[in-house]
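Quick notes on the structure that follows.
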Amino acid sequence: MRSKIVAGNWKMNKNLTETETLLAALSAKLPDTEAEVMVAPTYINLTSAVRHLESSPIEVIAQNMHFAESGAYTGEISADMLLNVGIDTVIIGHSERRAYFGETDEILAKKVTAALAKGLRVMFCFGEELEDRKSENHFSVVQSQLKNALFSVDANSWSKIILAYEPVWAIGTGETASPEQAQEMHAFIRKTITEAYDTSIANNVSILYGGSVKPANAVEIFSKPDVDGGLIGGAALNADDFVAIIKAI
């Protein structure tokens, strides 16, 4: 049975003091839930966050990692470094990494392979741009992203994979993705995985929605049968908003 998950991607926000304050507020307000709750602070605050949440069910995850084990990669972080500070899950392929840092499907495939080889759980992000949606190429784009980065992994590895669908066109563009559009794409994703692997893998992988989930729309989005939670951006930086989204699932 697939997990329900609410993950907060803090991006390049919150210094150490602000991180500890937000974590304290989340810990104090965390509702009883069967969902997995995750937060992804910036790299330099991961160790502090892990220590701060030692007695909490909230999991600390990383926003990114490099595919190499070590070497001359200034500013990068390896899988072993993450594991050494208590991180078990890493986000790979976020739309901002693709757009701003030129991460291609080929690079992301290397990252996925490296993370899985080290036993890390991968939260793999993907999704179409506005022009893809308007030209009605959104299904083929998503299918290609999944195939190029994930479909070379063996079937057993899928127990370590979480998917996060990001309709990039619905994030900060003024466009709005409906819950029905989210469900349509999530169902297509499961169909695509079924065709590449089998129904069991498709039905057991958690697929999160990453299209500007907020307290006002979370209940409706999470009610869709193929939506297993959310990868939350801005709303994850406010304890009350993030807790409201957790309650919605």
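The values are calculated or read from the model by the stated rules, or taken from the named source; none is laboratory data. Predicted model only: the values in this text are computed from it and were never measured. Here Cβ is always computed from backbone atoms with ideal geometry, including for glycine, and neighbour counts include all displayed protein chains.
Points to keep in mind about this one:
- Set R133, R190: member being farther than 19 Å from T104 by Cβ, among the charged types (D, E, K, R) and under 19 Å from the mean Cα position of the chain (by Cα): R190
- Of all positions in region 125-132, none carries a residue that is farther than 25 Å from M65 by Cα, touching a Gly at 6+ places or on another chain (Cβ under 7 Å) and free of Cβ contacts under 8 Å to residues at least 40 places away in the same chain.
- You will find that of V39, V85, the residue that is in contact with a Phe, Trp or Tyr (Cβ under 8 Å, 6 or more places away or on another chain) and at negative phi is V39 and no other.
- Number of residues in region 92-131 that are within 14 Å of A79 (Cα to Cα) and hydroxyl-bearing (S, T, Y): the value is 1.
- Selection status of I189, touching a helix residue (DSSP H, G or I) at 6+ places or on another chain (Cβ under 6 Å), within 21 Å of I91 (Cα to Cα) and either small (G, A, S) or part of a helix (DSSP H, G or I) (or both): no
- Enumerated helices (runs of 4 or more DSSP H) restricted to region 69-163, each holding at least 1 residues that are crowded, with 21+ Cβ neighbours inside 10 Å, among the hydrophobic types (A, V, I, L, M, F, W, C) and at pLDDT 95 or above: 79-84, 105-117, 138-150
- Note on region 29-54: residues that are part of a helix (DSSP H, G or I), touching a residue at least 24 places away in the same chain (Cβ under 8 Å) and out of contact with any Lys or Arg (no Cβ under 9 Å at 6 or more places or on another chain) total 9.
Let's see how each residue does on (1) touching a residue at least 12 places away in the same chain (Cβ under 8 Å); (2) under 13 Å from the mean Cα position of the chain (by Cα):
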{"site": "Y165", "(1), (2)": "yes, yes"}
{"site": "V168", "(1), (2)": "yes, no"}
{"site": "Y197", "(1), (2)": "yes, no"}
{"site": "S200", "(1), (2)": "no, no"}
{"site": "I207", "(1), (2)": "yes, yes"}
{"site": "N217", "(1), (2)": "yes, no"}
{"site": "S223", "(1), (2)": "yes, no"}
{"site": "G229", "(1), (2)": "yes, yes"}
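- Against the list (1) out of contact with any strand residue (DSSP E or B) (no Cβ under 8 Å at 6 or more places or on another chain); (2) among the aliphatic types (A, V, I, L, M); (3) at pLDDT 95 or above, the condition A170 fails is (3).
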